[in-house]
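Beneath this line is the structure, given in structure tokens, with notes to follow.
The values are calculated or read from the model by the stated rules, or taken from the named source; none is laboratory data. Quick caveat: nothing in here was measured; it's all calculated off a predicted structure. We place every Cβ from the backbone using ideal geometry, glycine too, and count neighbours over all the protein chains shown.
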Amino acid sequence: MKHILERYIPEHSVEPVFGLIESNGIHLKIVNERKTRHGDYRRMPSGGHQITVNANLNKYRFLITLIHEIAHLAAFELYGRQIKPHGQEWKRTFQKLMLPFIRPEIFPSELLPVIARHFKNPKASSDTDAHLSVALKRFDEENDKNYIFEVPKGSIFRIYNGKIFKKGEKRIKRYECVEVNTGRIYLFQPNAEVELLRTAN
């Protein structure tokens, strides 16, 4: 398992992460990209624990995602299965588990303050924290996608499921966009990744 972890997470995080996996009896599966989630945790019918994480994540996002899912397991074990999946118990557990990793041997210096700020009140997904998501994306492989906030108002773009939208106004934190085929309005996080088809005239 250690040699597999070395391919996916920062070098100095391998030993402590391996310890968490071993001590909690976790079966870790590294899977193909899923557009709707980076990872998940399931308690198996046998009583064992399975965590899946997407293989395409950069090593910093992979580490955060893996600890996020281990925190689900630990919070359920500690507080019982009636707690909210991303409630206060999970947040406290995630903060405690993540704290030993927030150091310069593991994360680049430019990421550390963004991560520290995020973990004052961790969100249900790193993607819902636009600052963290954008900071982490700098370490992804190059692709042809844009963030919604980078796309000019009135531009036409496509999302991962093929639906096409026109970008509208910003409403507080999110952008109001119209689905071209139906005229329905959807709200997009500023860090949603999209394929730009045509800029505004």
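Things worth noting here:
- Residue check for residue 106: farther than 14 Å from residue 192 by Cβ, among the β-branched types (Val, Ile, Thr) and either touching a strand residue (DSSP E or B) at 6+ places or on another chain (Cβ under 8 Å) or assigned by TED's automatic domain parsing to the domain that holds residue 20 (or both): yes
Okay, residues lined up against (1) under 17 Å from the mean Cα position of the chain (by Cα); (2) free of Cβ contacts under 8 Å to residues at least 60 places away in the same chain:
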| position | (1), (2) |
| --- | --- |
| 66 | yes, yes |
| 70 | yes, yes |
| 88 | no, yes |
| 99 | no, yes |
| 106 | no, no |
| 122 | yes, yes |
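Results for (1) in contact with a Ser or Thr (Cβ under 6 Å, 6 or more places away or on another chain); (2) farther than 20 Å from residue 133 by Cα; (3) in contact (Cβ under 8 Å) with a residue 24 or more places away in the chain, shown as yes or no for each residue.
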position: 163; (1), (2), (3): no, yes, no
position: 175; (1), (2), (3): no, no, yes
position: 178; (1), (2), (3): no, yes, no
position: 182; (1), (2), (3): no, yes, no
position: 190; (1), (2), (3): no, no, yes
position: 195; (1), (2), (3): no, no, yes
position: 198; (1), (2), (3): no, yes, yes
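- On inspection, residue 133 passes the criterion of being within 23 Å of residue 72 (Cβ to Cβ), touching a residue at least 12 places away in the same chain (Cβ under 8 Å) and of a type in the set (Ser, Thr, Tyr).
- Scanning region 115-140 for residues that are over 23 Å from residue 89 (Cα atoms), surrounded by 20 or more Cβ atoms within 10 Å (Cβ to Cβ) and at pLDDT below 90 yields one hit, 133.
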